[in-house]
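This is the structure I want to talk about, given as structure tokens.
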Amino acid sequence: MRPRVMRPFDSARQRVAALRPWAYRHLSGQSAAAGVWPRRALTGLGGITITASAIGIATLVDEGCRRCADFWVCVLPIYAHYKFVDKISHPATSPERSAEFERLHDIYSPIVRDATLRLRGYYLKVAQFFSMRDDYVPKQYLDWAKKLQAEAPVALDAESAKRCVAKELGLGRVEEAFKDWSSKPIGSASIGQVYKARVRSTGEDVAIKVQMPGAERLFRVDIRTLKIFTRLAFPWAVDHISELEKMFESEFDYTLERENMEKVRTNVQKRWGDRVIIPKTFPELCTRRVLCMQFLDGEKLVDGMLRRIRSAATQAGRDPDEFLSHHLEALRTGKLMPRTARSARWRASVWKMMQRARGADDINLPALMEQLMRIHGEQVFVDGLFNADPHPGNVMLLHGAQSDGIGLIDFGQVKELSLDFRVQLAKLIIALSRRDEAEVVRLDKAWPVGTG
């Protein structure tokens with residue numbers, strides 16, 4: 001007799017088979033007609049057991065499946081609870097409904113935060129994106145999401161990063177090309193870490209961006225998972241997720257990022273010189289997963305702004321945290337928003353004169369904001385090549401010899417615009433500034449689909 005070949009999930013089938021006689025006796029009794037539904041139930045039980053076994057094995061073996069299961073276990077109960085409040089317990093607008101949603105935000109925000117930090121990947125990128133939506137995202141989620149713009153958790157330690165760099169550059173040891181490698185990362189991204197080192201041959205300080213092994217595959221698994229959830233919860237946003245997926249395609253190729261960085265750097269420095277620094281790159285030390293660039297000595301824009309606001313609060317004799325909260329609320333509601341570009345420039349000039357009169361060595365925030373808007377506007381309308389991910393974590397206030405300048409980093413998402421698109425966009429912005437509703441409608445209807 002040939003030995004029987006064991007197939008996957010045989011143990012599950014055997015367990016279900018062992019249950020059948022007992023279940024049939026206790027559920028069906030003596031009636032043959034009554035035996036139909038127990039047999040069907042047991043067949044379904046067998047299918048569920050086999051499926052559960054398959055999922056369990058997959059999550060143990062495959063990291064992508066584990067992440068997918070982790071996402072659904074976390075998100076589905078939260079989504080169901082929010083949906084229950086929205087549609088069943090508090091469907092009508094009322095103070096009680098608002099209070100209930102605030103309670104849900106308090107309960108689930110820490111859970112979502114912990115899951116985001118644990119899974120990283122695309123979920124971290126989504127959190128960074130929503131951290132800029134103060135008009136939409138609840139405060140409980142914003143408080144931790146904003147920190148992720150520059151404080152993503154470390155997932156690749158210094159020794160692992162060195163091994164990755166050595167392998168990518170074809171070196172026996174990373175010390176053949178670099179020295180003074182930092183023990184801790186100076187920056188964290190959704191798919192990699194940034195370490196400081198020094199080029200052994202020239203002595204130049206550099207920042208080395210290292211992509212985590214397997215990041216691209218896990219990112220794609222995360223995107224597929226979010227697409228499924230979006231179809232379930234927010235069908236209207238599926239196209240937006242697809243567009244974001246296309247945008248992130250270039251993030252995994254650091255050679256493309258290096259080329260984009262050099263192009264934007266050439267365009268910006270023609271107009272701004274040393275006032276705006278985009279790091280130069282070292283092509284011979286770059287690969288698809290390693291990007292070696294000039295190190296910029298400075299602080300994140302957000303850190304500089306917070307320092308300035310806290311300093312102003314101390315000088316005014318107010319509690320820094322209370323003052324900061326009031327200032328951010330005024331920004332969010334538009335109370336500090338100038339009506340025109342001319343009034344914004346006037347405010348900047350007044351602020352600068354006040355700072356000089358007080359002898360304060362501080363950041364001229366209005367002038368800085370105008371400068372950043374002008375730089376970005378020139379990239380969009382003049383060059384047709386711009387950074388499509390200009391969140392505050394990608395802007396630096398420089399120290400040392402370049403203390404009056406700003407640094408722009410992270411060009412993983414660069415978008416190129418055709419001349420026709422730029423002309424139409426310029427017309428639309430002019431119409432919006434003039435509040436010409438008829439022209440806005442006309443331009444919107446005339447806008448060619450798929451241009452860009």
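The values are calculated or read from the model by the stated rules, or taken from the named source; none is laboratory data. For clarity, every value in this text was computed on a predicted model and none was experimentally measured. Note that we place each Cβ from the backbone using ideal geometry, even for glycine, and neighbour counts take in every protein chain shown.
Working carefully through the options Glu299, Glu284, find the one that is acidic (Asp, Glu), in a helix (DSSP H, G or I) and either at pLDDT below 65 or over 21 Å from Leu142 (Cα atoms) (or both). Let's see the steps before the verdict.
Numbers: Glu299 fails: in a helix (DSSP H, G or I).
The unique qualifying residue is Glu284.
Please determine, by comparing only the residues of region 187-221 that are assigned to a loop (DSSP other than H, G, I, E, B) and modelled with pLDDT under 90, which one is surrounded by the fewest Cβ atoms within 10 Å (Cβ to Cβ).
Per the criteria, the residue is Gly214.
OK, next. Looking only at region 93-128, how many residues end up being touching a residue at least 40 places away in the same chain (Cβ under 8 Å) and either of a type in the set (A, V, I, L, M, F, W, C) or touching a Cys at 6+ places or on another chain (Cβ under 7 Å) (or both)? Step through it out loud before you land on a result.
Here is the first cut: in region 93-128, the ones touching a residue at least 40 places away in the same chain (Cβ under 8 Å) are 115, 118-126, 128.
Pick out the ones that are also either of a type in the set (A, V, I, L, M, F, W, C) or touching a Cys at 6+ places or on another chain (Cβ under 7 Å) (or both) and you get 115, 119, 124, 126.
Selection size over region 93-128: 4.
OK, next. Suppose we keep only residues that are free of Cβ contacts under 8 Å to residues at least 24 places away in the same chain and over 22 Å from the mean Cα position of the chain (by Cα) within region 275-306. Which one would you say is surrounded by the fewest Cβ atoms within 10 Å (Cβ to Cβ)?
Keep residues of region 275-306 that are free of Cβ contacts under 8 Å to residues at least 24 places away in the same chain, which gives 280-281, 284, 306.
Now restrict to residues that are over 22 Å from the mean Cα position of the chain (by Cα): 280-281, 284.
On the way: Lys280: 13, Thr281: 22, Glu284: 10.
Taking the candidates together, the pick is Glu284.
Okay, next question. Among all residue pairs at least 6 apart or on different chains, which show Cβ distances below 7 Å where the first residue, located in region 212-236, is closer than 29 Å to Lys162 by Cα and the second is among the β-branched types (Val, Ile, Thr)?
Matching pairs, first to second residue: Met212/Ile191; Ala215/Ile191; Phe219/Ile191.
Is it fair to say Lys179 is touching a strand residue (DSSP E or B) at 6+ places or on another chain (Cβ under 6 Å) and of a type in the set (Lys, Arg)?
For Lys179, the condition - touching a strand residue (DSSP E or B) at 6+ places or on another chain (Cβ under 6 Å) and of a type in the set (Lys, Arg) - is met.
In region 123-146, is there at least one residue being at pLDDT 95 or above and acidic (Asp, Glu)?
No; the residues of region 123-146 include none that is at pLDDT 95 or above and acidic (Asp, Glu).
Just to be sure I understand the filter: pairs with C-beta atoms under 8 Å, separated by 6 or more residues or on different chains, first member in region 172-189 and basic (Lys, Arg), second member surrounded by fewer than 19 Cβ atoms within 10 Å (Cβ to Cβ). Which pairs pass?
Between residues of region 172-189 that are basic (Lys, Arg) and residues that are surrounded by fewer than 19 Cβ atoms within 10 Å (Cβ to Cβ), the close pairs are Arg173/Ala166; Lys179/Arg198; Lys179/Arg200; Lys184/Val154; Lys184/Ala158.
Out of region 146-163, which residues are assigned to a helix (DSSP H, G or I), within 21 Å of Leu408 (Cα to Cα) and in contact with a helix residue (DSSP H, G or I) (Cβ under 6 Å, 6 or more places away or on another chain)? If you could, list the steps in order and put the result at the bottom.
Residues of region 146-163 assigned to a helix (DSSP H, G or I): 146-149, 158-163.
If we keep only those that are within 21 Å of Leu408 (Cα to Cα) too, we end up with 146-149.
Those that are assigned to a helix (DSSP H, G or I), within 21 Å of Leu408 (Cα to Cα) and in contact with a helix residue (DSSP H, G or I) (Cβ under 6 Å, 6 or more places away or on another chain): Leu148, Gln149.
Which residues, taken from region 230-274, are of a type in the set (Phe, Trp, Tyr) and surrounded by 16 or more Cβ atoms within 10 Å (Cβ to Cβ)?
Those that are of a type in the set (Phe, Trp, Tyr) and surrounded by 16 or more Cβ atoms within 10 Å (Cβ to Cβ): Phe248, Phe252, Tyr254, Trp272.
Taking region 114-136 as the region of interest, how many residues are assigned to a helix (DSSP H, G or I), within 13 Å of the chain's Cα centre (by Cα) and of a type outside the set (A, V, I, L, M)?
Matching residues across region 114-136 total 8.
Just name the residue that is surrounded by the most Cβ atoms within 10 Å (Cβ to Cβ) out of those in region 97-153 that are among the aromatic types (Phe, Trp, Tyr) and closer than 25 Å to Phe248 by Cα.
Filtering first and then ranking leaves Tyr122.
Hey, any hits in region 260-274 for a residue that's outside any helix (DSSP H, G or I) and either at pLDDT below 90 or within 17 Å of Phe71 (Cα to Cα) (or both)? Outline the logic, then answer.
From region 260-274, those outside any helix (DSSP H, G or I) are none; that's our starting set.
No, the conditions are met nowhere in region 260-274.
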